[in-house]
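Notes to accompany the following structure.
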Amino acid sequence: MLGPEDLKLSAIDCKNGEEVDFLYQFIFDHHSTPKNLLPTKEELNSPSLFFFRAVLDEKLIGMSSYYKVTPFLAETQKTIVLPEFRGKGFGKKISSLMEDLIKNRGFKKIRSAIYIQNLKMLKIKLDQSYIIEGLLRDHDAPGLHEYSLGKILG
């Protein structure tokens with residue numbers, strides 16, 4: 001049986017209109033951010049944003065992305081695990097693969113903003129040696145608070 005150790009990331013080409021349409025709809029259908037705060041198709045095409053499918057034996061089970069903040073710092077964003085794969089270690093594996101990818105691309109620090117109610121992802125990040133660097137009150141909208149977590153990549 002396939003498990004998290006078999007998970008792979010594959011890049012999504014945000015210059016391809018069909019890929020952007022897929023990505024936009026996937027995020028809209030599955031991300032916990034209020035729909036009016038999700039990125040537009042145009043915003044998904046930013047040269048500083050990089051999106052990846054999480055694939056298990058060619059089956060899409062989720063996605064994640066990172067934003068190039070500076071040449072030193074990348075911030076992970078929009079990690080999604082489809083409901084039928086939650087609670088099985090796939091979120092942890094996606095987070096680990098994203099960290100490895102970001103480190104291999106030369107970044108020295110990784111950051112992630114996690115909604116305070118997303119206790120599962122918060123636990124994943126803390127278990128992976130991230131530290132809470134701050135609280136972002138009303139970050140996306142009034143009442144949407146996030147923890148800012150960071151980790152120096154060795």
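The values are calculated or read from the model by the stated rules, or taken from the named source; none is laboratory data. On a predicted model such as this, the values are computed, not experimentally measured, just so you know. Neighbour counts run over all protein chains shown; Cβ positions are idealised from the backbone, glycine included.
Output the residues belonging to the range 125-154 that are within 14 Å of A113 (Cβ to Cβ) and of a type in the set (S, T, N, Q).
Scanning the range 125-154 gives a single hit, S148.
I'd like to verify a number: residues in the range 114-146 that are part of a loop (DSSP other than H, G, I, E, B), touching a residue at least 60 places away in the same chain (Cβ under 8 Å) and surrounded by 13 or more Cβ atoms within 10 Å (Cβ to Cβ), how many?
Residues meeting the conditions: 3.
Go through the range 34-70 and give me each residue that's at negative phi and surrounded by fewer than 13 Cβ atoms within 10 Å (Cβ to Cβ).
Of everything in the range 34-70, those that are at negative phi and surrounded by fewer than 13 Cβ atoms within 10 Å (Cβ to Cβ) turn out to be P34, K35, N36, L37, T40, E42, E43, S46, P47, S48, K59, T70.
Which residue is farthest from L9 (Cα to Cα), if the candidates are limited to the range 71-100 and must be in contact (Cβ under 8 Å) with a residue 60 or more places away in the chain, among the hydrophobic types (A, V, I, L, M, F, W, C) and surrounded by 19 or more Cβ atoms within 10 Å (Cβ to Cβ)? Let's see the steps before the verdict.
Pass one, the range 71-100, residues in contact (Cβ under 8 Å) with a residue 60 or more places away in the chain: 88-90, 92-94, 97-98.
Pick out the ones that are also among the hydrophobic types (A, V, I, L, M, F, W, C) and you get 90, 94, 97-98.
Retained after the next criterion (residues that are surrounded by 19 or more Cβ atoms within 10 Å (Cβ to Cβ)): 90, 94, 98.
On the way: F90: 12, I94: 8, M98: 8 Å.
Here the residue is F90.
Look through K78, K15, K8 and report the one residue that is modelled with pLDDT under 95, of a type in the set (K, R) and within 21 Å of K92 (Cβ to Cβ).
K78
Conditions first: (1) touching a strand residue (DSSP E or B) at 6+ places or on another chain (Cβ under 9 Å); (2) at pLDDT below 95; (3) more than 15 Å from A54 (Cα to Cα). G154 passes all but one, so which condition is the exception?
(1)
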